[in-house]
1. Give just the number: which of (1) within 16 Å of the ligand (Cβ to nearest atom); (2) of a type in the set (D, E); (3) within 20 Å of G31 (Cα to Cα) does E61 not satisfy?
2. For segment 96-109, does any single residue satisfy the condition of being farther than 24 Å from I4 by Cβ, among the polar types (S, T, N, Q) and in contact with a strand residue (DSSP E or B) (Cβ under 8 Å, 6 or more places away or on another chain)?
3. So K114 ticks every box in (1) at pLDDT 95 or above; (2) touching a helix residue (DSSP H, G or I) at 6+ places or on another chain (Cβ under 8 Å) but one. Which box is left unticked?
4. Looking only at residues that are within 13 Å of the ligand (Cβ to nearest atom) and either polar (S, T, N, Q) or part of a loop (DSSP other than H, G, I, E, B) (or both) in segment 119-139, which one is nearest to H151 (Cα to Cα)?
5. Can you name the residue in segment 101-118 that is within 16 Å of the ligand (Cβ to nearest atom) and not in a strand (DSSP E or B) and, of all such residues, is nearest to C161 (Cα to Cα)?
6. Residue check, E40 against (1) buried (at least 18 other Cβ atoms within 10 Å of the Cβ); (2) at pLDDT below 95; (3) closer than 19 Å to K114 by Cα, all met but one. Which one?
7. What pairs come up if the first residue lies in segment 152-179 and is without any contact (Cβ under 8 Å) to a residue 40 or more places away in the chain, the second is β-branched (V, I, T) and not in a loop (DSSP other than H, G, I, E, B), and their beta carbons are under 7 Å apart, counting only those six or more places apart or on different chains?
8. Listed residues E184, E95, E162; which is of a type outside the set (F, W, Y) and modelled with pLDDT under 95?
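The values are calculated or read from the model by the stated rules, or taken from the named source; none is laboratory data. Just so we're clear, the structure is a prediction, and the values are computed from it rather than from any experiment. So basically every Cβ, Gly included, is an ideal-geometry build from the backbone, and we count neighbours across all protein chains shown.
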Amino acid sequence: MLGIPYLVTHLGSSLGSDAAAARERAITAIGKGVAAAEGEVIILLENTAGTQNSIGTTFEEIAMIMEGVEQYGPVGVCFDTCHAFAAGYDLRTAEATDSVVRHFDAAIGLSHLKIIHLNDTLSELNGRRDRHAHIGLGMIGEKGIRSVVTHPALRALPFICETPVDCRRNDRGNIACARKLAEEAGTGVPSHPTI
Ligand SMILES: [Zn+2]
């Protein structure tokens, strides 16, 4: 009805039950949506921050759920930088981001990555808290955000900011900051012959 290409969903919580059983429930529920969408809207699974009982925190777990859902139709992934950092994926330098991208490619496959949720975070690395922050003003920082928006395998993707609005900055300010970081030359991003 909306004519949109993608719909992003989180993967929910196990509510303390067995993780494998929770994955099966997620596969069944998402599979119903994927089947009903008949390929017109692709459902994208978003990585989660690793707060208590959340599922879909690791690339490996997302891959397992995708494998189960694919029998119902096509499915892709949305990568949230805030959630990834909170879950232990370091994005603070070009080298660290490149290694996360390679890990994603090995576990899930970059062809499945359709959207980036570009957020900084108040969580420490692996702090497991879902607290979004202004671009460059959180624990990922300007250098880290720059490494994401300029990475050869990521920079052509759509980026969506889910950043706070307060007296320091609004949405327009955060997008301007992301653009500035994307446009700065000489970022030291490693060359990427294989992706
Ligand atoms: Zn998100």
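1. The number of the failed condition is (1).
2. no
3. (2)
4. This residue is N119.
5. Our first condition is that a residue be within 16 Å of the ligand (Cβ to nearest atom); within segment 101-118, this holds for 104, 113-118.
Add one more test, that the residue is not in a strand (DSSP E or B), and what stays is 104, 118.
Values: F104: 21, L118: 5 Å.
Across segment 101-118, the extreme among qualifying residues is L118.
6. (1)
7. The qualifying pairs are R155/V149.
8. Working: E95 fails: modelled with pLDDT under 95; E162 fails: modelled with pLDDT under 95.
When all the criteria are applied, what remains is E184.
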